[in-house]
1. Cβ-Cβ below 6 Å, separation at least six or inter-chain, first residue in segment 110-132 and free of Cβ contacts under 8 Å to residues at least 24 places away in the same chain, second outside any loop (DSSP other than H, G, I, E, B) and hydrophobic (A, V, I, L, M, F, W, C): which pairs?
2. Only one of (1) loosely packed, with under 12 Cβ neighbours inside 10 Å; (2) among the polar types (S, T, N, Q); (3) in contact with a Leu (Cβ under 8 Å, 6 or more places away or on another chain) fails for Ser112. Which number is that?
3. Mind checking which residues of segment 113-148 are part of a strand (DSSP E or B) and charged (D, E, K, R)?
4. For segment 125-135, name all the residues that are touching a strand residue (DSSP E or B) at 6+ places or on another chain (Cβ under 6 Å) and either surrounded by 15 or more Cβ atoms within 10 Å (Cβ to Cβ) or of a type in the set (Gly, Ala, Ser) (or both).
5. Mind checking whether some residue in segment 83-103 is under 19 Å from Asp27 (Cβ atoms) and not in a loop (DSSP other than H, G, I, E, B)?
6. If I ask for residues that are in contact (Cβ under 8 Å) with a residue 40 or more places away in the chain and either closer than 26 Å to Ile97 by Cα or among the aromatic types (Phe, Trp, Tyr) (or both), which ones from segment 51-73 would you list?
7. Which condition number in (1) of a type in the set (S, T, N, Q); (2) under 16 Å from the mean Cα position of the chain (by Cα); (3) surrounded by 14 or more Cβ atoms within 10 Å (Cβ to Cβ) is the one that Ser32 fails?
8. Arg95 is checked against (1) under 29 Å from His41 (Cα atoms); (2) exposed (fewer than 14 other Cβ atoms within 10 Å of the Cβ); (3) among the basic types (Lys, Arg) and fails just one. What number does that condition carry?
Amino acid sequence: MLPFIPFKIGSELILEKRKEGYYLKADYWFLSGEFYYYIQHSFVENSRPVSHYDLKFLFGGYPFTPVGSRFRIGLSSGIAGIMTSYSVPGMPVNRDIYLNVLNIWLEWNLGSKWTLLLRQEGKYSLGLEGGLLGRGWLMVGDHFPPLTLGLVRKW
């Protein structure tokens, strides 16, 4: 039980309501875990699909824009790993570790339920033994870092 604390009439009292979860500062800083599963397949005769399991742990936030902004800029960084498995019996399972050195994104809030997202990811592979990726920056077509454009449903 809290002790009685009198407030002067006309003084400001701020109440804050939050969703369940762990926030360093609500909707500004966050810890996240992300999991992506995707299949690589060429659809030519005798080809077999390859499965990729990508798990990320990130720390990030929205340091430049307030919660209610129509446009928000976000930054994050962390560590991740990709496990690659083949649908051919006897093939090894490969594991790669990479750093998400800097991810930067722009969100356009389209109302209370939807956000348009454009994200650029700076991924650096550690090139460890047992992996498929060599040491260095992960690029698309040897020229551009991964870029994501998507529509996010808020919940």
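1. Note: pairs meeting the criteria are Gly122/Val101; Gly122/Leu102.
2. Unmet condition: (3).
3. Arg119, Glu121, Lys123
4. Ser125, Leu126, Gly130, Gly131, Leu133
5. Taking every residue of segment 83-103 in turn, at least one turns out to be under 19 Å from Asp27 (Cβ atoms) and not in a loop (DSSP other than H, G, I, E, B).
6. Across segment 51-73, the qualifying residues are Lys56, Leu58, Gly60.
7. Result: Ser32 fails condition (3) only.
8. (2)
Computed from the coordinates by the stated procedures, all read-outs in this text should not be read as laboratory data. In this text, all values refer to a predicted model and were calculated from it rather than measured experimentally. Note: ideal-geometry Cβ built from the backbone for every residue, glycine included; neighbour counts use all protein chains shown.
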